[in-house]
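Enquirer: So that we are looking at the same thing, I have put the structure below in C-alpha cells.
The values are calculated or read from the model by the stated rules, or taken from the named source; none is laboratory data. If you're wondering where the values come from, they're calculated on a predicted model, not measured in any experiment. Here the Cβ positions follow ideal geometry from the backbone for every residue, glycine too, while neighbour counts run over all protein chains shown.
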Amino acid sequence: MGSKSNDAYEHKSSGSSKQGITRRDVLLGILASVGAASTSGCAKSLNNTIVDLDINAAQGNADLEFYTENEFLLTSRLADLIIPDTQTLGALAVGVPLLMDKLHSDWASAESQTTHREAINHVNQELDKIAGKPFLKLNTELQLQALSRLDELAFSAEYKRLYTYRSVKELIARFYYLSEVGASQELRYELVPGRWEACIPFEKVGRTWAV
C-alpha cells in the first residue's frame, strides 16, 4: 500500500507501449473521470495547470479552492502514506493534493465534486472507525496501521462498500505519475525504447515505465 509500484497503475502502464498511450491520453482520461469535456484544448490546458502547480508546490503555496482545510489535510496524509518519499520524492512532495484541489475546483462537474467530497469524508469516517479515534490526530505509525487495514478491506469482501477509498487512492496514483518526478524518476523513462516484451517478471525491471 505504501509502495510506489501501485498495482492499478502498473496494470495500466504495462501495456502502454503496445496500445500507444500518451500523456495526452492520460490527461483526457483524468478529465473524463471528473466529468469534464474531453477535448484536446482541455488536455493542453490541464497540462499547463500541472506545470503551474509543480511550481506552486515547490514554493509552498497552498491556496485551496475546493477542499476544506480538514479535507485537504486528510488528502495530504493519504498521499504521503500511499506514495511516501523514498529514493525519489513522494506524492505529497510533488504537490498531488494541490493538483487534486485544483482539478476539482476548475474541471470537475458538480456531480463529480459532490461524489469526490463524499468519498473523502467517507474515507475519513472509515479510518476513524478502524483507529477508534480521530485518524488525523494519530501519530504516523498508527495512521499507517489504520490505512493498511482500510486498504486490505477495500480489496476484500468489502470491495463495493469501500469503493470510495479506491477512487481516492487511484487519483493520488494517477496524479503522481503525471508529475515530472513520477514519470521520469520513479518510473523508468527511455526516449527511444528498445524491444517490447509482453510479460516479464517485475523483479527483472524493478519498476514500471513511463510513456
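Enquirer: Report yes if SER112 is over 20 Å from GLU65 (Cα atoms), touching a residue at least 60 places away in the same chain (Cβ under 8 Å), small (Gly, Ala, Ser) and surrounded by fewer than 21 Cβ atoms within 10 Å (Cβ to Cβ), otherwise no.
Expert: no
Enquirer: Return only the number of the condition from (1) buried (at least 22 other Cβ atoms within 10 Å of the Cβ); (2) modelled with pLDDT under 85 that TYR165 does not satisfy.
Expert: It fails just one condition, (2).
Yes or no, residue by residue, for (1) at pLDDT 95 or above; (2) of a type in the set (Val, Ile, Thr); (3) farther than 23 Å from THR68 by Cα; (4) crowded, with 21+ Cβ neighbours inside 10 Å:
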site	(1), (2), (3), (4)
GLN125	yes, no, no, no
PHE155	no, no, yes, no
ILE172	no, yes, no, yes
PHE175	no, no, no, yes
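Enquirer: Taking the stretch 94-139 as the region of interest, how many residues are of a type in the set (Ser, Thr, Tyr) and either within 13 Å of ALA79 (Cα to Cα) or not in a helix (DSSP H, G or I) (or both)?
Expert: Count: 1.
Enquirer: Pick out the one residue from LEU99, LEU78, LEU103 that is at pLDDT 90 or above, under 16 Å from LEU171 (Cα atoms), buried (at least 16 other Cβ atoms within 10 Å of the Cβ) and of a type in the set (A, V, I, L, M, F, W, C).
Expert: LEU78
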